[in-house]
């Protein structure tokens, strides 16, 4: 899923629910371009570390400093 610059201007929370463990890095791109994003939520702890690190790195580049949370 690719987010282009200044896409989804009102999006504050992005929930990602996966029913399998094989979620790889590169699934998301452009998270740094979401200006209102405050939280990126994952549904559990069953993700490959490269996916989680990719999401963290993109969130770190976002000027709004959104956080990665799990529920």
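Below is a table of values for the structure above.
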read-out: Per-region count, the range 2-33, residues in contact (Cβ under 8 Å) with a residue 24 or more places away in the chain, at negative phi and more than 10 Å from the chain's Cα centre (by Cα); value: 17
read-out: Scope the range 25-71; condition in contact with a helix residue (DSSP H, G or I) (Cβ under 6 Å, 6 or more places away or on another chain), modelled with pLDDT of 95 or more and part of a loop (DSSP other than H, G, I, E, B); matching residues; value: 61, 62, 66
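The values are calculated or read from the model by the stated rules, or taken from the named source; none is laboratory data. This is a predicted model, so every value here is computed, not measured. No Cβ is skipped: glycine too gets one built from the backbone with ideal geometry, and neighbour counts run over all protein chains shown.
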